Amino acid sequence: MKGVRFEPLASGHIAQILEIEKVSHGSPWHERSFQNELSHAHSVFVVALKGTDVVGYAGVWILADEAHVTTIAVQPELRGQGLGRELMDEVLARSAERGAVCSTLEVRAGNEAAIHLYESMGYVRAGLRKGYYPDNKEDAVVMWLHQLEKK
Ligand SMILES: CC(C)(COP(=O)(O)OP(=O)(O)OC[C@H]1O[C@@H](n2cnc3c(N)ncnc32)[C@H](O)[C@@H]1OP(=O)(O)O)[C@@H](O)C(=O)NCCC(=O)NCCS
């Protein structure tokens with residue numbers, strides 16, 4: 001997206017991230033979860049910035065050679081303009097540089113926007129975890145991207 005740059009997560013981003021987080025997820029992460037990402041040895045976490053404004057973020061944990069997507073969100077006013085896709089490309093490219101060769105994630109079965117995004121990137125449905133999400137007992141779709149591209 002024009003005017004957007006990507007940076008690794010820093011503690012100064014977290015207050016703005018929390019504003020996006022609380023309007024994006026049924027079970028939002030607390031501040032401590034984002035703080036933990038700063039020192040987590042397996043974390044790759046990218047923030048999208050427009051000037052000094054945080055407009056999106058995406059994180060993975062690299063476990064063995066797998067990039068597990070832990071979170072992604074785009075500021076609501078900027079959705080549907082390609083930024084979610086750019087964030088995924090960015091965090092997966094950085095994961096590939098750290099040795100990941102494939103990626104997996106869980107997504108709420110009713111989250112059509114996210115599932116469309118992942119399928120458009122080549123993720124395929126690999127299973128269903130019934131009643132996985134504690135807040136509303138929604139099922140989780142497990143998805144895999146079997147081969148990451150290197151930049
Ligand atoms: C999921 C999310 C990150 C997508 O970000 P975005 O910037 O809107 O996505 P993009 O504009 O890059 O769109 C990517 C693809 O998804 C599709 N898409 C986006 N919003 C959609 C919607 N509401 N319905 C259907 N498809 C949608 C786009 O058409 C695009 O597909 P294409 O490349 O085939 O055209 C964003 O909707 C969001 O922050 N949602 C709340 C948090 C969330 O649900 N995170 C995922 C948890 S697993």
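Nothing in this text is a laboratory measurement; each read-out follows from the coordinates by a stated rule. As the structure is a prediction and not an experimental result, all values here were calculated from the model. Cβ placement follows ideal geometry from the backbone for every residue including glycine, while neighbour counts extend to all protein chains displayed.
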Calculate, axis by axis, the spread of Cα positions in segment 99-151 along the three principal axes, and write the results as whole Å, longest axis first.
-> 38, 21, 16
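Please give the net charge around HIS25, taking every other residue with its beta carbon less than 13 angstrom from that of HIS25, where Lys and Arg add +1 and Asp and Glu add -1.
Working: positive: LYS22, ARG108; negative: GLU19, GLU21, GLU106, ASP135, GLU138.
So the environment of HIS25 carries a net charge of -3.
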GLU138 long-range amide H proximity, modeled H, under 5 Å = TYR133
Put in order of increasing Cβ neighbours within 10 Å, starting from the fewest, PHE6, PHE34 give PHE6, PHE34
Restricting segment 94-151 to GluC sites (Glu not before Pro) in coil, as DSSP defines it, with at most 12 other Cβ within 10 Å = GLU149
Out of GLN35, VAL69, ALA126, whose Cα points farthest toward the positive end of the dipole of the chain (charges: +1 Lys, Arg; -1 Asp, Glu; placed on Cβ)?
-> ALA126
Tensor-based shape of segment 1-99 (alpha-carbon gyration tensor, a/c under 1.5 rounded, otherwise prolate or oblate) | oblate
Sort 55-67, 19-31 for me by packing, meaning the mean count of neighbouring Cβ atoms within 10 Å per residue, highest on top.
-> 55-67, 19-31
Amide H neighbours of VAL55 under 5 Å, at least 5 residues apart or on other chains, H built in the peptide plane: list them.
-> ALA48, LEU49, LYS50
